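The values are calculated or read from the model by the stated rules, or taken from the named source; none is laboratory data. Note that the structure is a prediction, hence the values are computed from the model and not measured. Positions of Cβ are generated from backbone atoms using ideal geometry, with glycine treated the same way; all protein chains shown enter the neighbour counts.
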Amino acid sequence: MSNKKEAKKEIKKDRAVDIKFLLMDLPRFFATISFGLIYRPKRMYISKKRPDKKSGALVIANHSSFTDPVLIGISMGRRMWYLAGELAMGNKLKSTLLTGCGCIGIDRNISDIDGIRKAVNVMKRGHYLLMFPQGRLERDGEIKKLKSGAVLMAYQAGVPILPVYVKKGAKWYNRAIVMVGEEFRISDYCDKKMPSMADIERLTDIAAEKMHECEHAYYDYIKAHSKGRKVPKVN
């Protein structure tokens, strides 16, 4: 098979319902039931413009809890892949289980070409890929400096970036909130065929701003809700 045919096969979009994803969808189904009952995640949008449900996208989010990937995954209403560091993948057994659930391991200490290629191809096939661009767990929930890898992968895949802010409830009876921003494309802010490093840094700052918008929308909602004011219904 020629390289041209191989490339064409890689970008063919997957069907929404496909038996080959059964082993991946089953854990997601049980996670939806268990985590859904415990945390009752509520998805909210900060914009009237909704993401394209049929196209791939890179979902970027804050990371303050180990439950974040599950809460985001079950609240988005569609199959999702996850980018994870090699340390998170653990030993061979854990790595096999996580890979089966849609995790793609990336070695951050080297230029992991194979991991990046898998991640890019997943998005090209029309799926969501979740990434925590801060690169580590931030217990305080603050959105700090983002790594530029998110912008580079979205650019290579030719997909939009979807910013998200996720937060568990302060009390056990409070619902978890998944605040979804408005997706944007690299081409919206850079019309170059090959962005420079300066462009990548600028685009990474824009991505951080989009995440902060989701964060501010979350705290505005909580503040209004705690004071008993009527909060606009967004879902």
Worksheet item: Which one is surrounded by the most Cβ atoms within 10 Å (Cβ to Cβ), of the residues in segment 173-189 that are charged (D, E, K, R) and in contact (Cβ under 8 Å) with a residue 40 or more places away in the chain?
Response: Glu183
Response to the item:
Residue hits (segment 47-61; surrounded by 13 or more Cβ atoms within 10 Å (Cβ to Cβ), closer than 18 Å to Tyr218 by Cα and at pLDDT below 95) are Ser47
Discussion item. I need every pair where a residue in segment 212-235 that is more than 23 Å from Phe132 (Cα to Cα) and modelled with pLDDT under 55 has its Cβ under 6 Å from the Cβ of a residue that is surrounded by fewer than 16 Cβ atoms within 10 Å (Cβ to Cβ) and among the aliphatic types (A, V, I, L, M), sequence separation at least 6 or different chains.
Written reply: Val231/Ala224
Worksheet item: Counting residues that are without any contact (Cβ under 8 Å) to a residue 12 or more places away in the chain and among the aliphatic types (A, V, I, L, M), which helices (runs of 4 or more DSSP H) fully inside segment 3-82 reach at least 1?
Response: 3-10, 22-39
Practice prompt. Read through the list (1) among the hydrophobic types (A, V, I, L, M, F, W, C); (2) buried (at least 18 other Cβ atoms within 10 Å of the Cβ); (3) under 24 Å from Leu137 (Cβ atoms), then give the number of the only condition that Ala170 fails.
Written response: (2)
Discussion item. What's the number of the only condition in (1) in contact (Cβ under 8 Å) with a residue 12 or more places away in the chain; (2) closer than 24 Å to Ile46 by Cβ; (3) not hydroxyl-bearing (Ser, Thr, Tyr) that Arg136 fails to meet?
Written reply: (2)
Worksheet item: Got at least one residue in segment 130-149 being in contact with a strand residue (DSSP E or B) (Cβ under 6 Å, 6 or more places away or on another chain), under 22 Å from Leu23 (Cβ atoms) and modelled with pLDDT of 80 or more?
Response: yes
Item to complete: Kindly list the number of the only condition in (1) buried (at least 20 other Cβ atoms within 10 Å of the Cβ); (2) under 18 Å from Cys103 (Cβ atoms) that fails for Ser65.
Response: (1)
Practice prompt. Just give me the residues in segment 62-100 being modelled with pLDDT under 80 and either closer than 26 Å to Gln156 by Cβ or within 16 Å of the chain's Cα centre (by Cα) (or both), in sequence order.
Written response: Gly85, Glu86, Leu87, Ala88, Met89, Ser95, Leu98, Thr99, Gly100
